[in-house]
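A short write-up of the structure that comes next.
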Amino acid sequence: MSKYVYGIDLGTTYSCIAYQDETGRPVVVQNREGTNTTPSVIQFSEDSNEVIVGQIAKDTAVMYAKNTVSLIKTKMGREATIIYGHNDEKQISPVEASACILQKVCRDAGEILDDEVKDVVITCPAYFGEAERTATKQAGIIAGLNVISILDEPTAAAIYYGCSRCEEEKTVLVYDLGGGTFDVTTMQVRGGDINVVCTDGDHDLGGKDWDAAIMRYIAEVFEEKTGFSGEYDDEAKQDLAIKVERAKIQLSSRDRTTIMLHVQGYKAVIELTREKFDEITKPLLDTSIEITKKLIQTAGDYGVTTFDELLLVGGSSKMPQVADALKEVLYMEPKSLEPDEAVAKGAAIFAIVKMMDQMENEYMGKDGEEVDEEAVKDLLPSISTEPARPGKVIIHTKTTKSFGIKALRENHMLISNIIRKNEETPCTVSKIFGIAEDNQEYADIELFESAVLDETYEVDMAYRVGNAVLELPAGLRAGSGVEVTLELSSEGTISLTGRELTSNREIIATFKSDCVLEEEEIIEKRQKMRNLIIE
């Protein structure tokens, strides 16, 4: 039996695992390499089942680009496969790739703590939709884990920052800039009650973009200084990538740094100041600030006009330019406490709360009979009286996407939204549609997920999530009503049912997302995972 439950920040560029120790403190578990975070990079062997995950894969990612997979989280629920191999002849799903990362961090933590890492809460960006959340949970299952819950990253951070322990209501804005993704969330908290007001973000904005901008600049300066005009070989590209990331980190605490490059016999020492860094990357920062301002306006529509706290989350939020820009927007000093570990630690706190809830429900007395309290105490983890552990955490989430069905309106195909963005979850919403033809045998229901708040919008196949086929009774006339009901869980997963109104017969539709796995595939890939050698 496992000694602990765990919180995992499955990050775009780095992942982190934490647990609560016997004193109630959330603690990050180092990996076997002795660092608190593990690069979310995996590298495949050409001729064996060996998979390298972490720093070694990251440090050689450019040199062995064909066999290396990174930024996997940006593909979760959005792409069915990732192609790799020298001749692009191999493929893996983003779900499987994420499972490899989970296995690495869980195995390392288990070895260090002498424990079987089994019960976990995995976090995801707040703006993740149904497919991304389902894919994240499936990655945990394939890795052999019991996924207690999928938790939004800003909510996890707020729990760690202590927001769930405040007695008076606070309005909090969480700015989360990671290595590959960005989101910003407004929430109201009081005690253990966390109410998410609204959220927004950008799937593709993160520290990687700052790195890319600086790499371009350094390459230009190098060529001006040396006259080099050839192609950078893989080794030079890898060296540049490593040195630029190191320089970015150094500039968080220093005004200037230097980068020394060697490319095909050419050498140069290039100075990079924080001022120049900020100038080059200003368009990227401005994008995040515009999204933040837009969110603040949306929050105003829900009656939120002032903020009590501003929390910075994500390793890239440590760049001084971030805090400086947000001060100009909100006129307040941001809080930044272990921004690259806060999400995992908050998830660890939430994990033990969820497990306590489950155990209490499991051992609750029935029909008024008394519960053997001593027996229950033997099964529950000890509860620290320190303020680091909340007694209860109740999270009220909002959907970060709108969900609609493709349908004809006056001979024009549109998407008709059923669930709108920023509705409270869990929620169940129904809408009645008519069938298009006499004696129609089936209705093909295509589900679309977007950030569009309008009642209808033009069809964009980039928003398609999947479809469900409803079998209809014989003899129906065109226009006969079919009620479509979408049920969205608090974790963001969706189910669909249909009811034919003429006969009042209910038809259950099996909904399939295009970029997540079927049950049979999960079983197959979990077995395949057991045969991999993950280093």
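Which residue, A299, A236, I494, has the largest displacement toward the positive end of the dipole of the chain when charges sit on each Cβ (Lys, Arg +1; Asp, Glu -1)?
Positive-most Cα among the choices belongs to A236.
Aspartates and glutamates within cross-link reach of K225: Cα-Cα under 17 Å, excluding same-chain residues under 8 positions apart?
E271
On a 0 to 90° scale, report how tilted helix 519-530 is relative to the longest principal axis of the chain, with both axes built from alpha carbons and the result rounded to the nearest 10.
Compared with the principal axis, the helix lies near 30 degrees.
When the helix-only estimate is applied to the chain (DSSP H runs of n ≥ 4, each -39,500 (n - 2.57), divided by the residue count), what is the mean residue ellipticity at 222 nm, nearest 500 deg cm²/dmol?
About -10000 deg cm²/dmol.
Can you flag which of K75/K318; K104/K243; K104/K421; K208/K406 are past 28 Å Cα-Cα?
K104/K421; K208/K406
Solvent-accessible area of T35, probe 1.4 Å, all protein chains present, reported in Å² to the nearest ten, please.
Approximately 60 Å² of T35 is accessible to the 1.4 Å probe.
Taking the Cα centre of the chain as origin, work out the dipole magnitude from +1 charges on Lys and Arg Cβ and -1 charges on Asp and Glu Cβ, in debye rounded to 20.
In debye, rounded to 20, the chain gives about 940.
Please state the charge dipole magnitude for the stretch 118-176, taken about the Cα centre, from unit charges on C-beta atoms (+1 on K and R, -1 on D and E), reported in debye and rounded to the nearest 20.
Working: 5 positive and 9 negative charges, 54 e Å.
Roughly 260 debye for the stretch 118-176.
Rolling a 1.4 Å sphere over the protein heavy atoms, what is the accessible area per residue of the chain, to the nearest Å²? Let's see the in-between values first.
Details: 24600 Å² over 535 residues.
Per-residue value: 46 Å².
Out of residues 5 or more away from K401 or on other chains, whose amide H comes under 5 Å of its own, with H placed 1.01 Å from N in the peptide plane?
N422
By how many degrees, between 0 and 90 and to the nearest 10, does the Cα long axis of helix 130-142 differ from the longest principal axis of the chain?
70
Would you mind telling me the share, in percent, of accessible area of the chain contributed by carbon and sulfur at probe 1.4 angstrom?
Roughly 46 percent, rounded to a whole number.
Charges on Cβ only, +1 for Lys and Arg, -1 for Asp and Glu, centred on the Cα centroid of the stretch 29-168; of G85, V105, N49, which one is farthest towards the dipole's positive end?
Positive-most Cα among the choices belongs to G85.
Using a cut-off of 15 Å between alpha-carbon atoms, which aspartates and glutamates can reach K58, once sequence neighbours fewer than 8 places away in the same chain are excluded?
Correct list for K58: E33, D211, D234, E235, D239, E245, E535.
Quick one: angle between helix 207-226 and the longest Cα principal axis of the chain, in degrees between 0 and 90, rounded to 10, please.
Helix 207-226 sits at roughly 30 degrees to that axis.
Scan the chain and hand back the longest stretch that contains none of the trypsin sites (Lys or Arg not before Pro) lying in DSSP loops with at most 13 other Cβ atoms within 10 Å. Please report the intermediate quantities before stating the final value.
On the way: sites that count: K3, R254, K366, K392, R477.
Looking at the chain, 4-253 is the longest stretch - no exposed trypsin sites (Lys or Arg not before Pro) with at most 13 other Cβ atoms within 10 Å.
The values are calculated or read from the model by the stated rules, or taken from the named source; none is laboratory data. Bear in mind that the values here come from a model prediction, so they are computed numbers and not experimental data. A quick note on method: Cβ atoms are made from the backbone with ideal geometry, for glycine too, and the neighbour counts reach across all protein chains shown. Protein only, heavy atoms only, side chains kept; ligands, DNA and RNA dropped before computing areas. Shrake-Rupley method; radii C 1.70, N 1.55, O 1.52, S 1.80 Å.
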